[in-house]
Amino acid sequence: METAEKKIILQVDHLKQYFPVKKDSFFKPKAYVKAVDDISFELYEGETLSIVGESGCGKSTTGRAILRLDEPTDGKVHYMGQDILGLNKKEMRKLRGDLQVIFQDPFASLNPRQTVKQILNEAMAIQEVVDKPKRKDRMLELLGYVGLSAESLDRYPHEFSGGQRQRIGIARALAVDPKLIICDEAVSALDVSIQAQILNLLKNLQKQFKLTFLFISHDLSVVRHISDRVMVMYLGKVVEIAEKKELFDSPLHPYTQALLSSIPVPDPTLKRDRVILKGDVPSPIDPPRGCRFHTRCPFAVEKCKQEEPPLRELVKNHFVSCHIAEDLPV
Amino acid sequence: MTVEVKTEQPNIAAKSFISKKESRLKDFLSILIQNKAALVGAIIILIYIFMAMFAPLLAPYSPYEIDLENKLTPPSSEHWMGTDDKGRDILSRILYGSRLSMGVGFAAVLFGAFFGIIFGLVAGYYGKWVDTIIMRMMDVMLAFPGILLALAIIAALGPSLINVTIAVGAFSVPLFARIVRGSTLEVKRLEYIDAIRSLGANDLIIIAKHIFPNILSPIIVQGTLRLATAILSAAGLSFLGLGAQPPSPEWGTMLSSGRDFLFSAPYIALFPGLAISILVLGFNIFGDGLRDAFDPRMKK
């Protein structure tokens, strides 16, 4: 794929999201959880970029910061050349129609006291996308897109299963004609057969409406199914970005290698070289100096402890932040 | 490792067509009915409401009519609860009094709930310094014993039933504010609030349409329990001569005027006292029952 020629829809520059933590004592300096610490990436129109990483690495925080659900500490986010973080409340409200989100927990993402009709109607009313008389038709159309029947309109969320609720959530996001949808662990709470249905639905909708997805997940099989490009995060930093095939076939960063080797293979006789990482993820309040991964990296050298590795383009369109990526055994 | 591809449509028709909203209401009612005490509470409250509504039809005499020839008569077939020191029929006065006591109770709780809910929602939703300022103000109000605060307010405004309502309502405000704030904090972090925010809804819509309807249960329970306290406090203040003034048939006032005849004609104080106790008991056990019925852990 020639991503370089594609149009950039979202550009994230040096995004930082620090959350203050309660101080133990008055005299100590104020501490912060560095949930996202200076990350940059871009998203091309019509693609699916996945962010993977273990829990606490900052992937969801990145999504929330882009949407300004939590105000980022520092950095810039440009959507179609427009600086999102510089917009005032009113301008931001208008722009929100273009940026939508699908959440993880289908049981918490719908107001239990609203019927599907009210949910969809409210979305359209807030963004004023459809005139009142046409809304009913539009609702039925939306339900059709996500594979729900017309009778669903007058029902409450608790009358649906998890997968169906997720479809309602998707219909709500689609109701305002978005261009970019952030899927925050959108299928993680569903069981595997339903995951496949929802993933295929998302893929079809992407084709149909030329949507761009920022797909946040910890599940590598899901990521492999849906992504065009994959970004791996570790402790608030980007460690590797590449096209999906490239990343899964020849991961360059030791962390990505370890992550990929943890995917279960449905063949008990197959012997594999698993990379088992030692220890736990360090605290994001006081992350290690140098490369954040050096405390657990089996290949770490002295330089890794001192110097923070920059994100380098080793192969075309394949970026990695590791000092010794070239010398690693593949 | 590859995800299996299925294009099967979700099966909606197979789901039961009985609306779950109805069945939830049924669940709720059945729990309430199973809880015998709550049922008794509900019946007591309904009887009192009936009394208040139809007092003019039910009362055999006027509550104000003075009949000095028949003063201090003990309960008889003519005067079921006897007559007081001015010959007024006590039953009629109690029937009319239920309007005053319940009216003051409801008005005070509505007043307290209204401001308490607004303060609680604003504090819980906006957080940070807004929360700190509002909740510290509420703490200051809570630091006073309720009746003392009410006395202070009445001392400033003068004794009357309306001022008693304001005073009793005022010391309910922080209680509602605390409960509402807590529930708001809980609901605020749910994903559907984020979803509606990312659609571009303003704060007023989020608070009024998405947070408030989902925190109603604790408010209703607290409101019912506060009604009992409010009625008792209002009667207490009237007993002290700070609320309704004689000859008004307010129960607290009646109790107070029966004090002088406690040995010669105990029924003058006895019946208003019973009226208050039974109503307060009714609200209390009904409130407890509601709390259990709303508690998801009580469901089988």
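State whether one or more residues within segment A:153-162 are more than 11 Å from chain B (Cβ to nearest Cβ) and touching a residue at least 60 places away in the same chain (Cβ under 8 Å). No. On the stretch given as segment B:250-267, residues that are in contact (Cβ under 8 Å) with a residue 40 or more places away in the chain and surrounded by fewer than 24 Cβ atoms within 10 Å (Cβ to Cβ) total 7. Looking only at segment B:239-249, decide whether some residue is among the small types (Gly, Ala, Ser), away from chain A (no Cβ under 14 Å), open to solvent by 10 Å² or more (accessible area, probe 1.4 Å) and touching a residue at least 12 places away in the same chain (Cβ under 8 Å). Yes, the conditions are met somewhere in segment B:239-249. If you scan segment B:189-218, which residues turn out to be facing another protein chain (nearest Cβ under 7 Å) and hydroxyl-bearing (Ser, Thr, Tyr)? Across segment B:189-218, the qualifying residues are B:Tyr192, B:Ser198. Among the residues of segment B:187-208, those identified as open to solvent by 30 Å² or more (accessible area, probe 1.4 Å) and in contact (Cβ under 8 Å) with a residue 12 or more places away in the chain are B:Lys188, B:Asp203.
Taking A:Phe41, is it aromatic (Phe, Trp, Tyr) and either open to solvent by 40 Å² or more (accessible area, probe 1.4 Å) or within 11 Å of chain B (Cβ to nearest Cβ) (or both)? Here the answer is no, as A:Phe41 does not meet what is asked. Figure legend. Inter-residue proximity from segment A:94-115: first residues modelled with pLDDT of 85 or more, second residues of a type in the set (S, T, N, Q) and open to solvent by 10 Å² or more (accessible area, probe 1.4 Å), beta-carbon distance below 6 Å, spacing 6+ or different chains. Indicated pairs: A:Gly97/A:Gln127; A:Gln104/A:Ser188. Within segment A:139-149, the residues that satisfy the criterion of being facing chain B (nearest Cβ under 10 Å) and open to solvent by 10 Å² or more (accessible area, probe 1.4 Å) are A:Gly147, A:Leu148, A:Ser149. Note on segment B:209-232: residues that are surrounded by fewer than 20 Cβ atoms within 10 Å (Cβ to Cβ) and small (Gly, Ala, Ser) amount to 1.
In summary, A:Glu185 fulfils each of the numbered conditions (1) facing chain B (nearest Cβ under 10 Å); (2) of a type in the set (D, E, K, R); (3) under 17 Å from A:His225 (Cα atoms) with the single exception of condition (1). Evaluating A:Glu71 against the criteria (1) outside any strand (DSSP E or B); (2) in contact (Cβ under 8 Å) with a residue 24 or more places away in the chain leaves one unmet condition, (2). Every condition in (1) within 14 Å of chain B (Cβ to nearest Cβ); (2) charged (D, E, K, R); (3) part of a strand (DSSP E or B) is met by A:Lys76 except one, and the failing one is (1). Within segment A:163-182, does at least one residue satisfy the condition of being more than 10 Å from chain B (Cβ to nearest Cβ), under 14 Å from the mean Cα position of the chain (by Cα) and touching a residue at least 12 places away in the same chain (Cβ under 8 Å)? Checked segment A:163-182: at least one residue is more than 10 Å from chain B (Cβ to nearest Cβ), under 14 Å from the mean Cα position of the chain (by Cα) and touching a residue at least 12 places away in the same chain (Cβ under 8 Å).
Yes/no matrix, rows are residues, columns are (1) more than 21 Å from the chain's Cα centre (by Cα); (2) of a type in the set (A, V, I, L, M); (3) in the same structural domain as A:Leu277 (by TED's automatic domain parsing); (4) farther than 30 Å from A:Gly279 by Cα:
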residue: A:Lys59; (1), (2), (3), (4): no, no, yes, no
residue: A:Ala65; (1), (2), (3), (4): no, yes, yes, no
residue: A:Asp74; (1), (2), (3), (4): no, no, yes, yes
residue: A:Glu91; (1), (2), (3), (4): yes, no, yes, yes
residue: A:Gln104; (1), (2), (3), (4): no, no, no, no
residue: A:Ile126; (1), (2), (3), (4): yes, yes, no, yes
residue: A:Pro133; (1), (2), (3), (4): yes, no, no, yes
residue: A:Lys136; (1), (2), (3), (4): yes, no, no, yes
residue: A:Gly147; (1), (2), (3), (4): yes, no, no, yes
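Please find, among B:Gly158, B:Gly103, the residue that is open to solvent by less than 70 Å² (accessible area, probe 1.4 Å), under 26 Å from B:Val180 (Cβ atoms) and modelled with pLDDT of 80 or more. That would be B:Gly103, the only listed residue that is open to solvent by less than 70 Å² (accessible area, probe 1.4 Å), under 26 Å from B:Val180 (Cβ atoms) and modelled with pLDDT of 80 or more. Counting only residues that are open to solvent by less than 20 Å² (accessible area, probe 1.4 Å) and in a helix (DSSP H, G or I), which one in segment B:169-182 is nearest to the other protein chains (Cβ to nearest Cβ)? It comes out as B:Val180. Residues of segment A:196-224 being closer than 24 Å to A:Ala258 by Cβ and at the interface with another protein chain (Cβ under 9 Å from one of its Cβ atoms), which ones? Answer for segment A:196-224, where residues must be closer than 24 Å to A:Ala258 by Cβ and at the interface with another protein chain (Cβ under 9 Å from one of its Cβ atoms): A:Leu220, A:Ser221, A:Val222, A:Arg224.
Out of A:Asp74, A:Asp98, one residue alone is farther than 24 Å from B:Lys209 by Cβ and in contact with a Lys or Arg (Cβ under 6 Å, 6 or more places away or on another chain). It is A:Asp74. Would you point out the residue of segment A:277-296, among those that are out of contact with any Lys or Arg (no Cβ under 7 Å at 6 or more places or on another chain) and at pLDDT 85 or above, that is farthest from A:Leu260 (Cα to Cα)? Of everything passing the filter in segment A:277-296, A:Pro288 is farthest from A:Leu260 (Cα to Cα).
Of the residues making up segment A:190-216, just one is open to solvent by less than 10 Å² (accessible area, probe 1.4 Å) and of a type in the set (Gly, Ala, Ser), namely A:Ala196.
Within segment A:225-241, the set of residues being touching a Leu at 6+ places or on another chain (Cβ under 8 Å) and away from chain B (no Cβ under 14 Å) comprises A:Asp228, A:Arg229, A:Val230, A:Met231, A:Val232, A:Val238, A:Glu240, A:Ile241. When B:Met135, B:Met141 are checked against the criterion of being open to solvent by less than 20 Å² (accessible area, probe 1.4 Å) and away from chain A (no Cβ under 14 Å), B:Met135 stands alone in meeting it.
Out of A:Gln100, A:Gln118, one residue alone is open to solvent by 40 Å² or more (accessible area, probe 1.4 Å) and within 11 Å of chain B (Cβ to nearest Cβ). It is A:Gln118. Cβ separations smaller than 6 Å between residues 6+ apart or across chains give the following pairs from segment A:255-270 residues that are more than 16 Å from A:Ser221 (Cβ to Cβ) and away from every other protein chain (no Cβ under 12 Å) to residues that are open to solvent by less than 30 Å² (accessible area, probe 1.4 Å) and part of a loop (DSSP other than H, G, I, E, B): A:Tyr255/A:Phe293; A:Gln257/A:Pro251. Tell me whether segment A:26-47 contains one or more residues that are under 30 Å from A:Ala150 (Cα atoms), assigned by TED's automatic domain parsing to the domain that holds A:Val281 and modelled with pLDDT of 85 or more. Checked segment A:26-47: at least one residue is under 30 Å from A:Ala150 (Cα atoms), assigned by TED's automatic domain parsing to the domain that holds A:Val281 and modelled with pLDDT of 85 or more. Per this entry, A:Gln82 is not counted among residues that are modelled with pLDDT under 90 and under 24 Å from B:Tyr125 (Cβ atoms).
The values are calculated or read from the model by the stated rules, or taken from the named source; none is laboratory data. Source: prediction; values computed, not measured. Because the Cβ atoms are built from the backbone with ideal geometry, glycine has one as well, and the counts that use them run over all protein chains shown. Surface areas here come from the heavy atoms of the whole protein model, side chains and all, with no ligands, DNA or RNA. Shrake-Rupley method; radii C 1.70, N 1.55, O 1.52, S 1.80 Å.
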